[in-house]
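Data block below; observations after.
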């Protein structure tokens, strides 16, 4: 039997999965992400975990087809990471580094791109070949798949939907240093930022004024309960997301848009509201795509990373 590994590097933990070459998840586990000293320990820790799992399962490395690795930052098609602020990594070739440490074929890609492939392979986009994946969390990430293959972009920036400019008049600064990016409105931190601005207005009578240390979940819960300000915040957030996706639609016209990440736990209120604005913004031919919530949750990254090794043969 042939096997492969899927790895999803996060800022706190590294998620790992052992799969058969046919795509069955046999085992999954996590190790701590040691970010000290510029994340220098991370590659070695991953290699050690893979070796340990092979020993535990009595798997010979000759039976492993490859290791797919999702990385929290831009990755070029040849596996070169273009800096990862969350890990402290500079520019280096992850494929070459990990192959040298493991003795296995290794393939790296952006973590949101990995999640996109995961949803395509085993999630809500199973059966499709063209999708746009949007992950709404602390930030906004994305992945674009055309004819079953990820759009990396020559500099590794393909699918960086969170940094599409949706409000050029915005004065607040995005985490990347730009202004008016989608991430400033459609992320968990973005909608909380907008809420604090609204709640600071004397005329605002929202029930959210009584919430200490307001969260994204508080806002969506209040919206579902009918709070006017919360409903307006959710509508604004979704309108910005729909606006950004309108540009993406005119560029690649996918079969389906899949929305994941922690914010997506709010449910169909997001897909329904985004679709409402999207339908009103676009020419008819671009409004035929579907909108779905992601299904794989935190496992999407390991599934997609593993799929990368399988799809590459």
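For this structure, a couple of remarks:
- Most mobile of 141, 261, 103 in a GNM of the chain (Cα contacts under 10 Å): 103
- Between helix 268-281 and the chain: long-axis angle, C-alpha atoms, 0 to 90°, nearest 10: 70
- Mean residue ellipticity (222 nm) of the chain, computed from DSSP H runs ≥ 4 via -39,500 (n - 2.57), nearest 500: -11500 deg cm²/dmol
- Axis angle, to the nearest 10 degrees, between helix 111-122 and the longest C-alpha principal axis of the chain: 80 degrees.
- As a length-normalised measure over Cα pairs under 8 Å and 6 or more apart, the relative contact order of segment 126-294 settles at 24 percent.
- Full extension of the chain between residue 60 and residue 48 gives 2.8 nm of extra length, using 0.36 nm per residue less the Cα-Cα distance.
- Shape category assigned to segment 96-241 from the gyration tensor of Cα positions, a/c cut at 1.5: prolate
- For the residues 197, 219, 50, a GNM of the chain with alpha-carbon springs under 10 Å puts the largest fluctuation on 197.
- Degrees, to the nearest 10: 300-311 long Cα axis against longest axis of the chain: 50
- Euclidean distance between Cα centres, segment 187-252 to segment 55-131, Å: 34
- Highest mean packing first, where packing is the average number of other Cβ atoms within 10 Å per residue, the peptides 15-22, 133-140, 165-172 line up as 133-140, 15-22, 165-172.
- Antiparallel DSSP beta bridges within the chain, percent to nearest 5: 60
- Stretching the chain fully between residue 200 and residue 96 yields a gain of 32.3 nm (0.36 nm per residue, less the alpha carbon separation).
- If the segment from residue 12 to residue 235 were pulled out straight at 0.36 nm per residue, it would be longer than the present Cα-Cα gap by 77.1 nm.
- Relative contact order of segment 6-67, pairs being alpha-carbon contacts under 8 Å that are 6 or more residues apart, as %: 23
- Cβ crowding within 10 Å ranks 237, 283, 194 as 283, 194, 237, fewest other Cβ atoms first.
- Shown for 163, 155: other C-beta atoms within 10 Å of each C-beta, ranked fewest to most, produce the order 155, 163.
Every number in this text was worked out from the coordinates using simple rules, so none of it is lab data. What you see is a predicted model; the values in this text were computed from it and never measured. All Cβ positions, even for glycine, are placed from backbone atoms using ideal geometry, and neighbour counts span all protein chains on display.
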